[in-house]
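Remarks on the structure that follows.
The values are calculated or read from the model by the stated rules, or taken from the named source; none is laboratory data. Predicted, not measured: the structure shown is a model, and the values here were computed from it. Cβ placement follows ideal geometry from the backbone for every residue including glycine, while neighbour counts extend to all protein chains displayed.
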Amino acid sequence: MTSALTRGVLFVHSAPRALCPHIEWATGSVLGSRVSFDWTPQPASPGLFRTEHSWVGPSGTGARLTSSIRGWTHLRYEVSEEPSLGVDGGRWSHTPELGIFHAVTDAHGNAVVPEDRIRAAMAHMPDVQRVQQDLDLALGQAWDDELEPFRYAGAGAPVRWLHRVG
């Protein structure tokens, strides 16, 4: 049985120079081929570097990439995986302080919050602040808040388009 192919992107928002080759090796081992990233300085954190890499692989590659580089000091990254036939998409965010956050995503990249999480948040209904906290947790708001300056700092970074038409 063959697994459906999907694609995604690895965004390394900040990594120490010494860790860069290890990230390439770990990524290449998951993708099954050698990779070489274009590392650029991360303006939001001088002395650290950033890169992004588009990938194609079987469903579940996003989770495997996330696991292969988790736990390294000073590493901030995100992995996205597009949905494929019969398989939800996903987004993984990692910061040294918060660890890993995972959200299932729809065809447009929006986080999908399971109904049980919504019901649990609604159980605190008179306490609007608690409902907000529960929903912020379900949506990974703390990860977005911490990663946003690093995403913004990469906004001027070069982009390489890899999709072929036709």
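Is it the case that V9 is buried (at least 19 other Cβ atoms within 10 Å of the Cβ), part of a strand (DSSP E or B) and at pLDDT 95 or above?
no
Tell me which residues, restricted to the range 14-43, are in contact with a Cys (Cβ under 9 Å, 6 or more places away or on another chain) and surrounded by fewer than 18 Cβ atoms within 10 Å (Cβ to Cβ).
Matches in the range 14-43: W39 only.
Residue check: is S68 closer than 28 Å to L5 by Cα, more than 14 Å from the chain's Cα centre (by Cα), surrounded by 15 or more Cβ atoms within 10 Å (Cβ to Cβ) and not aliphatic (A, V, I, L, M)?
no
Collect the residues in the range 79-97 that are buried (at least 22 other Cβ atoms within 10 Å of the Cβ), of a type in the set (A, V, I, L, M, F, W, C) and in contact (Cβ under 8 Å) with a residue 40 or more places away in the chain, keeping them in residue-number order.
V79
Across the range 113-136, what is the number of residues that are closer than 30 Å to V12 by Cα and surrounded by 14 or more Cβ atoms within 10 Å (Cβ to Cβ)?
Here the count works out to 6.
Does the range 20-43 hold any residues that are in contact (Cβ under 8 Å) with a residue 24 or more places away in the chain, in a loop (DSSP other than H, G, I, E, B) and among the polar types (S, T, N, Q), and which are they?
Across the range 20-43, the qualifying residue is only Q42.
Could you run through the range 109-136 and say how many residues are acidic (D, E), in a loop (DSSP other than H, G, I, E, B) and closer than 24 Å to W92 by Cα?
Here the count works out to 0.
Conditions first: (1) surrounded by fewer than 19 Cβ atoms within 10 Å (Cβ to Cβ); (2) modelled with pLDDT of 90 or more; (3) out of contact with any Gly (no Cβ under 8 Å at 6 or more places or on another chain); (4) outside any strand (DSSP E or B). W161 passes all but one, so which condition is the exception?
(2)
Each row is one residue, and each column tells you yes or no for (1) assigned to a loop (DSSP other than H, G, I, E, B); (2) surrounded by fewer than 15 Cβ atoms within 10 Å (Cβ to Cβ); (3) small (G, A, S); (4) at pLDDT 95 or above.
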site: S45; (1), (2), (3), (4): yes, no, yes, no
site: F49; (1), (2), (3), (4): no, no, no, yes
site: S54; (1), (2), (3), (4): no, yes, yes, yes
site: T73; (1), (2), (3), (4): yes, yes, no, no
site: Y77; (1), (2), (3), (4): no, no, no, yes
site: A107; (1), (2), (3), (4): yes, yes, yes, no
